[in-house]
């Protein structure tokens, strides 16, 4: 039997802000990291664009249509969430284009496709900004939905009071420490 891989090692992740300075998090309803909080996300399928994957995943995870801002993307590359301990993201520090053992780059456009990492152990987590057309819904993939400020997520997780997927926490730390949070909420106003 031939093993046909349908998913790439690229994961599209949607940063969905609201007008109150909060972002949408979902509580994972499936492994890995079952019960952890994260942004809506999922693997890009072979032959699928980043935008197509984001729209598909938003429908699957929160049953919502999204509008994507194509002028910003944050790509984090490194070990996937299933291999990362909770403490890793909490302790990870930013130095240049690295956060912990992961690398990152901020792009001024959402790429149509992102080349998979050369190291087969790694994944790319591609964070894009989106606006939802209606209230998100709880689904089997999203056990709960929460609107919360990025800084609250960082603070609560560092105190062990909030379980967040490691790459989601890395993303929030990059946005906060690279002063990109204000840009994120300006993007939201541009989408309206």
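Per-structure values
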quantity	calculated
Among the residues listed as 53, 64, 89, 58, the single one being modelled with pLDDT of 95 or more and under 18 Å from residue 175 (Cβ atoms)	89
So residue 115, is it within 15 Å of residue 73 (Cβ to Cβ), outside any helix (DSSP H, G or I), out of contact with any helix residue (DSSP H, G or I) (no Cβ under 8 Å at 6 or more places or on another chain) and modelled with pLDDT under 95	yes
Those helices (runs of 4 or more DSSP H) lying entirely in region 131-192 with at least 2 residues more than 15 Å from the chain's Cα centre (by Cα) and either at pLDDT 90 or above or on the phi < 0 side of the Ramachandran plot (or both)	150-158, 181-191
Odd one out for residue 70, checked against (1) surrounded by fewer than 17 Cβ atoms within 10 Å (Cβ to Cβ); (2) modelled with pLDDT of 95 or more; (3) in a strand (DSSP E or B)	(2)
Some residue of region 96-106 being outside any strand (DSSP E or B), in contact with a strand residue (DSSP E or B) (Cβ under 8 Å, 6 or more places away or on another chain) and on the phi < 0 side of the Ramachandran plot	yes
Single unsatisfied condition, residue 109 versus (1) modelled with pLDDT under 95; (2) part of a strand (DSSP E or B)	(2)
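The values are calculated or read from the model by the stated rules, or taken from the named source; none is laboratory data. Keep in mind that what you see is a predicted model, and the values were worked out from it rather than measured. As a convention, Cβ positions derive from the backbone with ideal geometry for all residues, glycine included, and neighbour counts pool all protein chains shown.
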